[in-house]
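The values are calculated or read from the model by the stated rules, or taken from the named source; none is laboratory data. Fair warning: this is a prediction, and the values are worked out from it, not measured in the lab. FYI the Cβ positions are ideal-geometry reconstructions off the backbone, even for glycines, and counts take in every protein chain you see. The accessibility values were calculated without ligands, DNA or RNA, using every heavy atom of the protein model including side chains. Shrake-Rupley method; radii C 1.70, N 1.55, O 1.52, S 1.80 Å.
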Amino acid sequence: PTVWNEKLTNGLRIYGIENNEVPLVQFELVIDGGFLLEDMAKTGVSNLLARMMTQGTALKTPEELEEAIEQLGASITVSANSEDIRIRGNTLSKNYEATLALLQEILLKPRWDEKEFSLIKQSTISQIRQQEANPNAIAQNYYNRLVFGKDNIRSKNILGTIESVNAITIDDLKAFYNKNISPSVARLHVVGSLDKASITTPLTDLTSKWKSKSVIIPAYATPKAPQKSEVYFYDVPDAKQSVIRFGYPALAATDKDYYPATVMNYILGGGGFASQLTQQLREGKGYTYGINSGFSGTTAPGAFTISSSVRTNVTLESAQLIKEILENFGKNYTEKDLETTKSFLIKSNARTFETAGSKLVMLENISKYGWKPDYVKEREEIVKGMSIENIRDLSKKYLNSNQMIWLVVGDAKTQLPRLKELGFGEPILLNNRQF
């Protein structure tokens, strides 16, 4: 699709794709920073702020705001993420201006209602408690700690802790909002059946009222991969399944090897039923219903991760099989594997941008990483030029089973002692470990 972009006088950058198949508009306002701008000693502020933003405005009660959105047949949601706060919406093209007026009201006229704030805090604390009892959430939270280390805020839970959420006041939210919600770090992505002028002209009011300020987003260093693999275990007594997260701090999305490594990963664990991990652990052995692997970098390096839930009694066997697949991946990679990868990735490109949602993802990649509007074509050339030697070199570089974090969340009394057989020393129990 053809992409247009514009920068408004207050610093807001706009990226759009005109798409006339249906009379709808989808938009996403991304305000960079989010969790990265929080105080590490008092986490959870950006999540509470995002949730507060849809609970009414200075001019409307929560019920009135909800009704105003519904009357337009629109939806507007606000979410906090590890690197931004996002306001997403969709509406009929004819209601774009009216929906935009509500977005502006949500953004510029917060309600700061103490009663709503108290309810949101209670609900967030309930969410944290639920996570503490959920093996998948435990695995993800501890894996982030192990990958990013205590000095990187990405190691923390975006919801905060029970203690930090209890300590946050509405003044903390106001301070964060006043300091960090600025058009200078914002990007608006719009896909729909309106041309550039129809999208940008109604933004004049927002441009004049939303004043720009300087926001410095801290750059946190991601640790290097561990020198040697270690096994970590979190005990959930009598768990019927073991949740596994195996991986290490790897690449940023902007690294020249990032996309080639993603192409390599297709046959390992990125290609569903075509992948070796699925074929061997699910189809061959019946250890799991599903397993995948992938790279997750952004402008900062992210993790390479293999994740699954396996039957408790085959925890060690699953880990051993994964280790074996990693060790043999390069030398076992065949011409047929390469053909399968190329065929899927090139054919799927033809369908990649059919939905409005996928077009928004494309605009996000262009605005966040500075990629060219036709970056998809560049990726296609990478796929076409890929050889078995390239794949082997990449697997040697990025699939080293001896330099990984091997985390298991499961039943320690039956599974922890066995994991010594993986060959990475005594497993380390995490339950009472301070990070």
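Side notes on the structure shown:
- Look at (1) touching a strand residue (DSSP E or B) at 6+ places or on another chain (Cβ under 7 Å); (2) surrounded by fewer than 19 Cβ atoms within 10 Å (Cβ to Cβ); (3) not in a loop (DSSP other than H, G, I, E, B) and you find that Ile199 fails only one, number (2).
Yes or no, residue by residue, for (1) at pLDDT below 95; (2) farther than 20 Å from Leu268 by Cα; (3) more than 24 Å from the chain's Cα centre (by Cα):
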residue	(1), (2), (3)
Thr355	yes, yes, no
Glu364	no, yes, no
Ser367	no, yes, no
Gly370	no, yes, no
Glu378	yes, yes, no
Lys384	no, no, yes
Ile388	no, no, yes
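- Those residues of the range 106-126 which are buried (at least 18 other Cβ atoms within 10 Å of the Cβ) and in contact with a Lys or Arg (Cβ under 7 Å, 6 or more places away or on another chain), in sequence order: Ile120
- The set of residues from the range 132-145 being in a helix (DSSP H, G or I) and open to solvent by 50 Å² or more (accessible area, probe 1.4 Å) comprises Glu132, Asn136, Gln140, Arg145.
- Residue satisfying all of: in the range 58-74; farther than 25 Å from Thr124 by Cα and in contact (Cβ under 8 Å) with a residue 12 or more places away in the chain; surrounded by the fewest Cβ atoms within 10 Å (Cβ to Cβ) among these: Leu59
- When Glu132, Glu116 are screened for being more than 20 Å from the chain's Cα centre (by Cα), closer than 30 Å to Gly302 by Cα and modelled with pLDDT of 95 or more, only Glu132 passes.
- Residue, farthest from Ile125 (Cα to Cα), within the range 163-177, restricted to residues that are more than 23 Å from the chain's Cα centre (by Cα) and of a type in the set (Val, Ile, Thr): Ile170
- A count restricted to the range 207-234 and to residues that are surrounded by 13 or more Cβ atoms within 10 Å (Cβ to Cβ) and within 17 Å of Glu426 (Cβ to Cβ) stands at 7.
- All positions within the range 275-298 that are farther than 16 Å from Thr262 by Cα, open to solvent by 10 Å² or more (accessible area, probe 1.4 Å) and touching a residue at least 40 places away in the same chain (Cβ under 8 Å): Gln280
- Listed by first and then second residue, the pairs with beta-carbon distance under 8 Å, at least 6 apart or on different chains, first residue in the range 75-93 and free of Cβ contacts under 8 Å to residues at least 12 places away in the same chain and open to solvent by less than 20 Å² (accessible area, probe 1.4 Å), second of a type outside the set (A, V, I, L, M, F, W, C) and assigned to a strand (DSSP E or B), form an empty list.
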